[in-house]
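Here is the structure we will look at, set down as structure tokens.
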Amino acid sequence: MVEDVRRMVVGYLLVATIVVVVMAMSERGVAIGDGKTGEEPEVKILEHSWNYKSSVLSNSGGFRDGLQTSTKIADAMAFRALRGESLSMARVDFGPKGLNPPHKHPNATEVLYVLQGSLLVGFIQTVNNTLFQQVLSNGDLFVFPRSLVHYQLNMDINKPAMTLSAFNSAIPGISQTAN
């Protein structure tokens with residue numbers, strides 16, 4: 001089941017990547033083909049193209065003491081291709097009862113996608129001190145607005161959980177409010 005979800009996410013990311021590349025090529029006036037049936041466009045592989053690949057999210061980073069969570073981030077510091085791109089990603093692995101404690105990202109909105117397990121998530125709207133909280137499971141998305149304190153908790157005492165997040169900043173920043 002988890003492998004099916006991973007394949008689906010990778011498929012969506014691949015399609016999105018292809019769309020972005022084609023749009024960027026069109027904007028820069030790069031020919032994608034001459035319109036003749038059966039002709040393939042010429043593709044050049046640059047020596048520095050390895051800069052655009054990273055495995056930073058491929059493995060768990062090891063659980064923090066007592067919290068049973070591991071966070072790996074692919075931001076502009078960890079993945080050079082993100083410099084100037086206004087996006088980054090993070091992977092969080094949760095052990096049973098794992099907690100990603102209250103924190104905020106001063107530079108970005110976060111979209112969290114649940115790859116495995118179920119989580120209690122929430123954020124506090126600071127204007128009127130309102131708590132927005134939901135239980136998420138495989139395939140669910142949740143948005144944490146920029147600079148609002150939020151958290152994630154794996155309420156399952158036996159099973160792990162895993163999430164993938166996207167941020168609209170190459171350096172989302174993090175400010176822990178509690179441990």
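Looking at Asn129, Asn138, can you tell me which residue is of a type in the set (S, T, N, Q), surrounded by 15 or more Cβ atoms within 10 Å (Cβ to Cβ) and over 29 Å from Tyr52 (Cβ atoms)?
Sole residue among the options that is of a type in the set (S, T, N, Q), surrounded by 15 or more Cβ atoms within 10 Å (Cβ to Cβ) and over 29 Å from Tyr52 (Cβ atoms): Asn138.
Confirm whether Arg80 is surrounded by 19 or more Cβ atoms within 10 Å (Cβ to Cβ) and within 19 Å of Ile171 (Cβ to Cβ).
No; evaluated as a whole, the condition is false for this residue.
List the number of the failed condition for His103; all other conditions in (1) part of a loop (DSSP other than H, G, I, E, B); (2) under 18 Å from the mean Cα position of the chain (by Cα); (3) touching a residue at least 60 places away in the same chain (Cβ under 8 Å) hold.
(1)
Taking the condition of being in contact with a Phe, Trp or Tyr (Cβ under 8 Å, 6 or more places away or on another chain) and not β-branched (Val, Ile, Thr), how many residues in segment 140-150 meet it?
Residues flagged as in contact with a Phe, Trp or Tyr (Cβ under 8 Å, 6 or more places away or on another chain) and not β-branched (Val, Ile, Thr) within segment 140-150 amount to 6.
Taking segment 130-179, which residues are in a strand (DSSP E or B), more than 19 Å from Ile73 (Cα to Cα) and in contact (Cβ under 8 Å) with a residue 24 or more places away in the chain?
If the condition is that a residue be in a strand (DSSP E or B), more than 19 Å from Ile73 (Cα to Cα) and in contact (Cβ under 8 Å) with a residue 24 or more places away in the chain, then Leu136 is the only one that fits.
Each value in this text was obtained by applying a stated rule to the coordinates, not by laboratory testing. No experiment lies behind these values; they were computed from the predicted model shown. Cβ atoms come from the backbone with ideal geometry, glycine included; neighbour counts cover every protein chain shown.
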